[in-house]
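The values are calculated or read from the model by the stated rules, or taken from the named source; none is laboratory data. It should be emphasised that the depicted structure is a prediction, and the values quoted were computed from it without experimental measurement. Don't worry about glycine lacking a Cβ; one is built from the backbone with ideal geometry, like all the others, and counts go over all protein chains shown.
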Amino acid sequence: MPSIKLPKEYLQKAVELLLKKGFQKRDVPNAYASFTDGKAYITLYPSGSVLLQGDYPESLKDEILALVRAEGILVGCDEAGKGDVFGPLVVCCALIRPENFHKVLELAPKDSKKIQDGELFKKLPMLERYVEFYCKVLEPLELNRLHSEGKNLNRILDWAYRELIKEILSKEPSAKITVDAYSHRSPFGSLVSFEHKAEEKVEVACASMKARAEFLRWLEKHNLPKGASKEAMELARKIKDKERYLKVFFLS
């Protein structure tokens with residue numbers, strides 16, 4: 001179904017636009033608001049997703065997107081692999097320039113936890129046309145070494161994100177950066193917004209998708225399972241060369 005993504009602060013503006021155009025409200029469970037004119041059905045969700053169904057003019061989608069003002073360079077950061085026994089920790093930041101922001105909204109990026117792998121790999125190449133990605137893939141060998149030196153996963157994330165943020169700010173010092181919070185206190189200071197549930201933001205959703213895709217590609221290459229299920233843990237205990245393929249500290 002056709003959908004677009006709006007920053008959540010623009011949902012009410014979209015409601016006002018649809019009412020002004022003569023749409024009538026209707027009840028849809030879990031929706032922020034839903035409307036119809038008898039032919040088209042437009043449903044807005046609290047996450048910012050906007051679902052367009054029925055017979056609607058393409059210009060309506062353009063009018064909704066036009067509500068959004070692209071203000072400066074936006075950067076969102078997220079990681080994948082933190083809770084999986086096998087594979088790397090992948091840390092990514094997604095940079096969206098103002099001239100590409102509406103194109104990204106049209107592609108409706110989602111938090112990778114809310115998207116099927118098939119849809120993820122279908123949508124990511126389209127996002128890569130408009131989004132600049134900065135990623136670190138921390139292989140199990142490196143993770144195990146850092147952990148043995150006394151760094152837990154959160155401290156490793158602190159270091160990895162600082163490296164990416166430093167690189168981005170050296171090129172784009174005015175970029176507005178948001179990191180999806182993975183602990184209670186921000187380690188980055190005032191230059192970075194450290195937000196819980198930040199993957200609802202478009203730029204963080206893009207980073208989430210890229211990180212997840214790189215993580216899944218690594219697992220597929222090595223024919224290893226996702227997650228930390230009982231079956232995955234049993235395989236982890238049996239596998240040879242543990243340091244190379246899994247986070248050995250998960251076994252302790």
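Do we find that Glu214 is buried (at least 16 other Cβ atoms within 10 Å of the Cβ), modelled with pLDDT of 95 or more, in a helix (DSSP H, G or I) and of a type in the set (D, E, K, R) in this structure?
For Glu214, the condition - buried (at least 16 other Cβ atoms within 10 Å of the Cβ), modelled with pLDDT of 95 or more, in a helix (DSSP H, G or I) and of a type in the set (D, E, K, R) - is met.
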The stretch 101-125 residues that are on the phi > 0 side of the Ramachandran plot, paired with ones that are part of a helix (DSSP H, G or I) and surrounded by fewer than 19 Cβ atoms within 10 Å (Cβ to Cβ) (beta carbon under 9 Å, 6 or more apart)
Ala108/Lys123
Residue, farthest from the chain's Cα centre (by Cα), within the stretch 147-161, restricted to residues that are among the small types (Gly, Ala, Ser) and not in a loop (DSSP other than H, G, I, E, B)
Ser148
Options Glu163, Glu199: the member that is among the acidic types (Asp, Glu), without any contact (Cβ under 8 Å) to a residue 60 or more places away in the chain and closer than 29 Å to Asp117 by Cα
Glu163
Please verify whether the stretch 98-112 includes one or more residues that are under 23 Å from Leu17 (Cα atoms), touching a strand residue (DSSP E or B) at 6+ places or on another chain (Cβ under 9 Å), aromatic (Phe, Trp, Tyr) and surrounded by 21 or more Cβ atoms within 10 Å (Cβ to Cβ).
yes
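Every residue, every condition in (1) farther than 19 Å from Leu169 by Cα; (2) outside the structural domain of Ser170 (by TED's automatic domain parsing), yes or no:
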{"site": "Pro57", "(1), (2)": "yes, yes"}
{"site": "Gly87", "(1), (2)": "yes, no"}
{"site": "Ser112", "(1), (2)": "yes, no"}
{"site": "Ile115", "(1), (2)": "yes, no"}
{"site": "Lys123", "(1), (2)": "yes, no"}
{"site": "Glu132", "(1), (2)": "no, no"}
Report whether or not Lys61 is modelled with pLDDT under 95, charged (D, E, K, R), buried (at least 19 other Cβ atoms within 10 Å of the Cβ) and within 23 Å of the chain's Cα centre (by Cα).
no
Could you grab me the full set of residues in the stretch 68-94 that are within 16 Å of Ala198 (Cα to Cα) and more than 12 Å from the chain's Cα centre (by Cα)?
Leu74
